[in-house]
There are 2 protein chains.
Amino acid sequence: MPQKLTPLREQTRSVVRSLLARTAIDLFAAKGFDNTTLDEVAAAAGISRRTLFNYFRNKEDLALSSLSEQGDLIAARLAERPADEDCWAALRAAFQVLEEIDMTPEGRLEFITLLFGNDSLRAGHAEKQARWQDLFAPLIEPRLPASDRRTLQARAIAAAAITCLQAANEEWVRLGGKVDLLDLYDTAVQAIRRPT
Amino acid sequence: MPQKLTPLREQTRSVVRSLLARTAIDLFAAKGFDNTTLDEVAAAAGISRRTLFNYFRNKEDLALSSLSEQGDLIAARLAERPADEDCWAALRAAFQVLEEIDMTPEGRLEFITLLFGNDSLRAGHAEKQARWQDLFAPLIEPRLPASDRRTLQARAIAAAAITCLQAANEEWVRLGGKVDLLDLYDTAVQAIRRPT
DNA sequence: CACGCTATTGCACCCAGTGCAATAGCGTGC
DNA sequence: GCACGCTATTGCACTGGGTGCAATAGCGTG
């Protein structure tokens, strides 16, 4: 049973982790994900290949770790929203945390281009966002009226919101990052919720 | 540039493909995806490991090829729907093709359990369904009122519908396959579209 | 300063995936 | 029936991701 890490160790570990991820992403963006070996990443970071696996489960994680963190951020923000707020409003408010993340639009664009340019990264991306559902759904469920299918409903709403964000993101990239992401998100949400 | 395959060759190829996939899935379900090597699959199918790669791009595809076919089936059904039908109604009708597929509920359950039990398969599953968007969205777009964001809207609707199907699928598994999948799908769609 | 814990590393290994070149097998034209 | 050509199959060698293990280095604490 692993002892609780001392805050110091835990802290340095997370700093190292994000440094490694940044190094890796720069390399991936420069040379392509498949054309970059873990040996090269390790060399660029000044550590051994073996040690990379102490920080990341696999090569994909090197590129995608930030997505998990974003999910955690959004979930944390979602948990802070007033309990009686409409679930769609709460979700939208929570998504705003994405605009506060320390990342230039160029860096964001580069990152997403990297994601979309590789099959296994796209797959990993899709899966990470699917994991977001598991975080969001429990926070949404209490906001729904009582029903014997409330769990399913909460999961559907979480998934749909994430999906709208994803569609908005794709469109945002297609437009070269020149528009407001949340505007596109609103358009997407209206599209699915408007009566037809 | 690849010449058009003779129908005969093409046909035998697709038969062999599905035989191989079935063999592989049985093995995966029995021993677990990660604990099954491609050597074992090849041996069970009576061919060489190398030849497996003539039929499938990678190990994942061995397990997931049926998903691509399902996507094609749904898209084909969607294309047949009357042009003036509401897009949600058309999608729902298209999804009904899933119930006509030759697969026992037990087999379906086993397959989905396999999917959900492994990270890379879950990721591949998510990605395949994301590819469904690319198939469905162009068929949905003409059904929407004119707008400068119709492409985004169509993608959002396609993605949301797929997501509802996915949520319904998970719930269906959770309930042991004892309910009607489309009922759950309807519940999910109502959940996201109902005004709050 | 010495001890203990953990991070780091090297090494040997397994397996997925690929390029290449040899071969086997099938269908076609003669 | 026979020889030719095309493609599928296969073996082989190799790259690179990922893991288990055991030795070592380095940091924090008493």
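The values are calculated or read from the model by the stated rules, or taken from the named source; none is laboratory data. None of these values were measured; they are calculated from a predicted model. A quick note on method: Cβ atoms are made from the backbone with ideal geometry, for glycine too, and the neighbour counts reach across all protein chains shown.
Annotations
- Residue match in region A:20-37 (condition: in contact with a Lys or Arg (Cβ under 6 Å, 6 or more places away or on another chain), within 16 Å of DNA strand C (Cβ to nearest atom) and either aliphatic (A, V, I, L, M) or within 14 Å of another protein chain (Cβ to nearest Cβ) (or both)): no
- Extreme residue, surrounded by the most Cβ atoms within 10 Å (Cβ to Cβ), among residues of region B:164-196 that are more than 9 Å from every other protein chain (Cβ to nearest Cβ) and among the β-branched types (Val, Ile, Thr): B:Val173
- When region A:22-61 is limited to residues that are more than 16 Å from A:Thr113 (Cα to Cα) and aliphatic (A, V, I, L, M), the one that is surrounded by the most Cβ atoms within 10 Å (Cβ to Cβ) turns out to be A:Val41.
- Counting only helices (runs of 4 or more DSSP H) that fall entirely inside region B:99-196 and contain at least 2 residues that are within 17 Å of B:Ile74 (Cα to Cα), the qualifying elements are B:119-140, B:150-174, B:181-193.
- Checking B:Asp102 against (1) in contact (Cβ under 8 Å) with a residue 40 or more places away in the chain; (2) surrounded by fewer than 17 Cβ atoms within 10 Å (Cβ to Cβ), the condition it does not meet: (1)
- Selection of first residues in region A:132-161 that are aliphatic (A, V, I, L, M) and of second residues that are surrounded by fewer than 16 Cβ atoms within 10 Å (Cβ to Cβ), restricted to Cβ pairs under 7 Å at least 6 apart or on distinct chains, gives the following pairs, ordered by first then second residue: A:Leu139/A:Ala79.
- Residue check for A:Ala161: within 7 Å of chain B (Cβ to nearest Cβ) and not polar (S, T, N, Q): no
- Evaluated against (1) more than 26 Å from A:Ile112 (Cβ to Cβ); (2) more than 7 Å from every other protein chain (Cβ to nearest Cβ); (3) polar (S, T, N, Q); (4) surrounded by 15 or more Cβ atoms within 10 Å (Cβ to Cβ), A:Gln153 falls short on exactly one condition, (2).
- Criterion: under 16 Å from B:Leu27 (Cβ atoms) and at pLDDT 95 or above - qualifying residue of B:Leu78, B:Leu62, B:Leu91: B:Leu62
- Subset of region A:38-80 that is assigned to a loop (DSSP other than H, G, I, E, B) and more than 11 Å from DNA strand D (Cβ to nearest atom) - its residue that is farthest from the other protein chains (Cβ to nearest Cβ): A:Gly46
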